[in-house]
Amino acid sequence: MKSADASGSALGAFADNLRAAPRRIREGAFRGGAPHTDRTRSTFVFGNVFLHLHSVRVHRWSLRWWTTAGLGIASVAAFLITLVTGVLLMFYYKPYPDVAYASIKDIHFVVPTGRFMRNIHRWATNVMVVTVILHMARVFYTAAYRSPREFNWLIGLALLVTTLGLSFTGYLLPWDQLAYWAITIGANIAQSPREVTDALGVTDMFDPGGLQRLLLLGSDTVGPEALIRFYLLHVMILPLGLTMLLAVHFWRVRKDGGLARPSDADERLGPPAQTYPVFTEAPAKTYSLAAVVRGRTEAVNRGPENTLPSMPHLFYAELAVTMLTVAVCLALALVSDAPLREVANPLVPENPAKAPWYFLGLQELVSFSAFMGGIGIPAIVILGLALIPYLDREEVQTGDWWGGPGGWPLVRRSIAVGLGSVLALEAFAIRFGWLREWFPAIPQLVVTFVNPATILTLAYGAYSVWLVRRHASARAGALGLFTCFLCGFLVLTVIGTHFRGPNWVFYWSPADWPRH
Amino acid sequence: MLGLSSLWMTAGSMLFALVGALRLPRAAVLDSPSKRVRVSLPETLAAGTAFVPPGRSMAVFRDEDGVFAISTVCTHLGCIIKPTAEGFECPCHGSRFAADGSVTRGPAPQPLRWLKVSASGEQWIVDEAAVVPAGTKVNA
Ligand code: HEM
Ligand code: FES
């Protein structure tokens, strides 16, 4: 009797535990209970490993649409889209010359939804490059890189470079003519320090260009070794690196005190609307981070320091931007197919051989000098961008669009200067040619260091130094230089994309290209 | 003190190991095919007309002074150039070269490379890996 009883209750307890298991799993997963109130939502946000990237509450300034324009989140969303679609493409993609081309062809024409996934992947990468650049511009123009956020600006630059690296390595993978010749040119740009070492006659002893190219290609031609290296970089090394950099980036945003905002943001925002926040339950009184302070103080009916709970306000905003990004990528993927030319042919270059559009500005510079255009000037630009927060130690108007001495009128004038000088130089070089055509015997070093690309860089630099002196402010110089840089990038990209035809000759429209 | 120095030694050896591991991606043996090409020139090849051996990036010429070969890999960024009536032109960034390979316009930093040619019976052997001074022509 007794033993049967015991076993009966043991079984009963077993059954009870089994019944309780789903609830316990749920409670274990969401420790604070269902997030129905502001307080449980706070617990939910900081108790969840993914959500706790966010702080529990955000300042109302950060939620204003024009504070960020949602560009950072849009970049993350685009990256997530490339992750999902990229992993799907990996089911069929085979990184070996010619086989790679056939597998992309299969993906494009045979695999169910293959073409759609490939289109989305391709478009999401383009969207990502655009949003990353615009995000950087937003941070710059709102002076949000200033102390204590200098280091996060550097992390951001690393993210930009990694993003460009991802698209460059991805561009080779289809192994078609477009891919093959863009990568041949890219690898030779890596080798272009030889332009200088050759001219100095020291290449035999000191050959950084050759080493870079050898490491990139694993061979002296673009072949199987190069493809597997690019593939490894594209699907492992760079995405992992990007993810790690992103983690640091987000973490720093929080540790640096949320997004940059003007010191008088609270006054400018005015009192929050009376209806907000909606308490669905009296919160426990606590002064911890998760607190929702309530009482007969000034803070009645608004969060501490003019903040709102991240859940739901920040999450709604993020979801909205993510949905918009997804919608844009889907729409583009529906209307326009990713290109696929003939299979790579190492004997006949594509004419014109063009890299992805965001590198065509560089390709335009490279058509003046491989070393300066492909390595020298990009290095100067990256270095200049990296130094900005360390040179601009001012505090006025942090967090304001076009903030700083000169403001929007200065930016407007800089747009004119930036566009004017790049257009003038390009027009001159296209119309009259350059040193080599006039003096065929001129030493190469002269052409390397005196060409439209270097002159443009110098002109922008001189303009910016003049601004620094005139306004007695590093920020003014930075505003001018960054604006000029954007204008130069834009114009060169458009020229490289639209106005350059076979043999890199200038044509007003692709319709004028000669047909063979 | 002891703890600190062992910490630094660990860090040092890890760094050393990492540098050693990075030796791996630097290929010691390259997979490139043989650089020596056997060429038979057509009887009728006129002086100043390029003969391009199938599958190769070079142009072989014959004139009164002998046979010579010029690499058709652009010295700018490695595109394959096209022989034309006046010389060569590159499709990628518009470099032009005279018939002897010297640069006449565009960004190419160096003249085209002349390749070593040697006679082998009725045929010629061109070595893509061996560069000779411009103007070197070979007779059978
Ligand atoms: C972990 C993330 C990613 C994975 C697993 C991945 C995977 C792949 C694979 C397998 C391909 C070859 C298939 C194809 O060419 O269509 C590819 C192509 C490509 N990827 Fe990614 N990718 C990732 C992220 C990115 C990112 C972040 C970018 C750029 C911002 C990018 C840019 C490209 C480009 C431009 C191509 C060529 C697409 C084409 O021609 O179809 N990828 N990717
Ligand atoms: S590769 Fe020939 S001009 Fe650039």
Checklist outcome for this item: Most fluctuating of B:Gly55, B:Gly121, B:Gly66 in the GNM of chain B (C-alpha, under 10 Å) is B:Gly55
Item to check | Relative pair counts by distance (%), Cα atoms of region A:142-189, 5 Å bins | outcome: 5, 19, 18, 15, 11, 9, 9, 9, 4, 0
Checklist entry - Given labels modelled 7 Å from the Cα in the Cβ direction, how far is it in nm from A:Arg254 to A:Trp466? => result 4.8 nm
Checklist entry - In region A:501-515, which residues become less accessible by 40 Å² or more once every protein chain is in place, relative to the chain on its own, using a 1.4 Å probe? => result A:Asn503
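Let's test the formula: R0 of 51 Å, r as the Cβ-Cβ distance of A:Asp98 and B:Met14. What FRET efficiency results, to the nearest 0.05?
Values: r = 41 Å, r/R0 = 0.80.
The computed FRET efficiency comes out at 0.80.
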Item to check | A:Phe428 - accessible surface, heavy atoms, 1.4 Å probe, Å² rounded to 10 | outcome: 90 Å²
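Convert 20 °C to kelvin, take the viscosity as 1.002 mPa s, use the Kirkwood radius over C-alpha pairs of region A:351-516 as Rh, and evaluate the Stokes-Einstein diffusion coefficient in µm²/s, rounded to a whole number.
125 µm²/s
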Item to check | Residue-averaged 222 nm ellipticity for chain B, from DSSP H runs of 4+ at -39500 (n - 2.57), nearest 500 | outcome: -5000 deg cm²/dmol
Checklist outcome for this item: At q = 0.09, 0.12 Å⁻¹, the log10 of I(q)/I(0) for chain A from a Debye sum over equal Cα scatterers comes to -0.79, -1.23
Checklist entry - How many angstrom lie between the C-alpha centres of region A:375-398 and region B:2-45? => result 35 Å
Checklist entry - Rank A:Phe79, A:Phe250, A:Phe109 by accessible area, highest first, at a 1.4 Å probe radius? => result A:Phe109, A:Phe250, A:Phe79
Checklist entry - If each of A:Leu435 and B:Thr104 carries a label point 7 Å out from its Cα toward its Cβ, how far apart are those two points in nm? => result 2.2 nm
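Can you sort B:Arg26, A:Arg31, A:Arg138, A:Arg470 by solvent-accessible area, 1.4 Å probe, largest first?
A:Arg31, A:Arg470, B:Arg26, A:Arg138
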Checklist entry - Distance from the Cα centre of region A:74-93 to that of region A:437-516, in angstrom? => result 34 Å
Item to check | Average other protein chain Cβ within 10 Å of Cβ, residues B:84-93 | outcome: 5
Next on the checklist: Residues of region A:188-208 with the amide nitrogen closer than 17 Å to a label point 7 Å from the Cα of B:Leu22, along Cα-to-Cβ, please.
Outcome noted: A:207-208
Checklist outcome for this item: CD proxy, 222 nm, chain A: helix-only mean residue ellipticity via -39,500 (n - 2.57) per DSSP H run with n ≥ 4, per residue, nearest 500, stands at -20000 deg cm²/dmol
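Ballpark to the nearest 100 Å², how much total accessible area do A and B bury together, probe 1.4 Å?
Summing both sides, the interface buries roughly 2500 Å².
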Next on the checklist: Based only on Cα atoms, what mean projected area does the convex hull of region B:72-140 have, in nm²?
Outcome noted: 4.9 nm²
Checklist entry - To the nearest 10 square angstrom, what accessible area does B:Arg36 show with a 1.4 Å probe? => result 130 Å²
Item to check | region A:189-239: Cα Rg divided by the 2.2 N^0.38 Å rule of thumb | outcome: 1.33
Next on the checklist: What figure, in Å² to the nearest 10, do you get for the accessible area of A:Lys105 with a 1.4 Å probe and non-protein molecules left out?
Outcome noted: 90 Å²
Item to check | Å² per residue, accessible surface of the protein assembly as shown at 1.4 Å | outcome: 51 Å²
Next on the checklist: Quick check: with the 1.4 Å probe, what order do A:His471, B:His76 take by accessible area, largest first?
Outcome noted: A:His471, B:His76
Checklist entry - How big is the Rg/Rh ratio for region A:1-125, C-alpha atoms only, Rh by Kirkwood, two decimals? => result 1.27
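Quick one, can you get me the convex hull of the C-alpha atoms of chain B expressed as volume per residue in Å³?
Output value, Cα hull per residue: 163 Å³.
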Checklist outcome for this item: On the accessible surface of the protein assembly as shown, probed at 1.4 Å with all protein chains in place, carbon and sulfur together account for a percent value of 68 percent
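The values are calculated or read from the model by the stated rules, or taken from the named source; none is laboratory data. All of these numbers come straight from a predicted model, not from anything done at the bench. Backbone-built Cβ (ideal geometry, glycine too); neighbour counts: all protein chains shown. These area figures cover heavy atoms from the full protein model, side chains too; ligands, DNA and RNA do not enter into them. Shrake-Rupley method; radii C 1.70, N 1.55, O 1.52, S 1.80 Å.
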